[in-house]
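The values are calculated or read from the model by the stated rules, or taken from the named source; none is laboratory data. A quick note: this is a predicted structure, and the numbers were derived from the prediction, not measured. A quick note on method: Cβ atoms are made from the backbone with ideal geometry, for glycine too, and the neighbour counts reach across all protein chains shown. The accessibility values were calculated without ligands, DNA or RNA, using every heavy atom of the protein model including side chains. Shrake-Rupley method; radii C 1.70, N 1.55, O 1.52, S 1.80 Å.
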Amino acid sequence: METVFSGIQPSGELHLGNYLGAIRNWVALQEQHRCIFCIVDYHAITAPYDAVTMRRRTLDMAANLLACGIDPARATLFVQSHVPEHTELAWVLSAVTPMGELSRMTQFKEKSQQQARGRGTHPSAGTEADHVNVGLFGYPVLQAADILLYKATRVPVGKDQIQHLELAREIARRFNARFGETLPEPQPLLSSTPKIMGLDGQAKMSKSLGNTIGLLEEPDAARAKLRTAFTDPQRLRRSDPGRPEVCNVFTMHGFFSDEARLAEIDAGCRTASLGCVDCKKLLADGMLARLEPIRERARALRADETRVAEVLREGAERCRVIARETMREVREKLGLLG
């Protein structure tokens, strides 16, 4: 049985893009593989955040993952900071990672620009690098450590995350070449899920962009947000025929409507017999009906903080056993005094 590792930041509440793009896949993977799922709180501190609410967001994220179907009897769920070997291995791996490779990471370029803008940095006040924290620069090394610590052989990723996984593979190769075969090169488990665009139709659904629908959003609020969702840009009037293949609302129907309903919507859109307003209403009906059991489980879990904390504690205990053994082997290969 292969080992699968994946992580998610403790943003508190999951949104529809998280669920459709990743969490549904995690639930399916735990039936076939040895899965380790991590709430990556150390990654989260590389960007500005509210320390007062961090604990609450972490517990809420755990409750939401459990509500979606992550089963502690079949998968391990834990918090990154509860296993200190993550940061220890990241320091070791930083010694075999060239700065040039980190500076070329697409996400680093994007997030460093966001951080510089967030500080109100004037273009003449030095380079962007002068205003970006080292944690953001080394983010991919910690990400590699997360995966390699458990000698994970598979990592579920979308196409936009391939660069980070390839760096993790390169870091493993460099370590093994210098110190001896120790860390396996993780392979991607590419998701077949289409990219879930945000309600604005301009970018991938993201909480920071404010273009999401929360997975646990109240029904009336979810319906109101969905009514604003961007559809086919060429369908300007009700009588204009649409193109379901370019409509994000139709993409979401693929997750919440059966084949008969999908065929009906496809035909109705192309012939303009079905308007975008009605299409969104049908999506809201199907989406809310499908998500209601998750909402109920999440409410119960959020009210039982002790139960959620116990799942995380047990998960961290299991992970520490694996992590300690990996680091024992790594320290031995490094020639450190035992």
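DSSP beta bridges confined to the chain are antiparallel in about 10 percent of cases.
Here the chain exposes an accessible surface that is 54 percent carbon and sulfur, computed with a 1.4 Å probe and the other protein chains kept in place. Charged neighbours of Gly7, selected by a Cβ distance under 12 Å, balance to -2 (K, R count +1; D, E count -1). For the range 151-205 versus the range 37-74, the spacing of their alpha-carbon centroids is 20 Å.
Computed over the range 247-338, the convex hull of the alpha-carbon atoms projects to a mean area of 11.1 nm². A Cβ-based charge dipole, computed about the Cα centre of the range 194-338 with Lys and Arg at +1 and Asp and Glu at -1, lands at about 400 debye.
All alpha carbon pair distances within the range 123-239 were sorted into 5 Å bins beginning at 0; the resulting P(r) in whole percents reads 2, 9, 13, 12, 13, 13, 12, 11, 8, 4, 2, 1, 0, 0. The Cα atoms of the range 159-316 cover 67, 40, 30 Å along the three principal axes, with the biggest extent listed first. Note on Gln187/Met54: beta-carbon distance plugged into 1/(1 + (r/R0)^6) with R0 of 22 Å gives a FRET efficiency of 0.10.
Relative to the longest principal axis of the Cα atoms of the chain, helix 276-302 runs at roughly 40 degrees. Using all pairs of distinct alpha-carbon atoms, the Kirkwood hydrodynamic radius of the range 12-74 works out to 12.7 angstrom. Figure note: Leu136, Leu216 ranked by solvent-accessible area, largest first, 1.4 Å probe, ligands and nucleic acids not counted: Leu216, Leu136. Setting aside same-chain residues fewer than 8 positions from Lys204, which aspartates and glutamates have a Cα under 15 Å from its Cα? Within the straight-line cut-off, Lys204 pairs with Glu110, Asp160.
Accessible area ranking (1.4 Å probe, heavy atoms, ligands and nucleic acids excluded), largest first, for Glu329, Glu245, Glu2: Glu245, Glu2, Glu329. Test of understanding: extend the Cα→C-beta vector of Met1 to 7 Å, then name every residue of the range 309-331 with backbone N under 15 Å from that spot. Taking a point 7 Å out along Cα→Cβ of Met1, the residues of the range 309-331 whose backbone N falls under 15 Å are 318-319.
Angle of helix 305-334 to the longest C-alpha principal axis of the chain, folded into 0 to 90 degrees and rounded to 10: 40°. log10 I(q)/I(0), Debye, Cα-only the chain, no solvent, q = 0.13 Å⁻¹? Each listed q maps to, in turn, -1.07. The charge dipole of the chain, taken about its Cα centre with unit charges on the Cβ of Lys, Arg, Asp and Glu (plus for the first two, minus for the last two), comes to roughly 360 debye.
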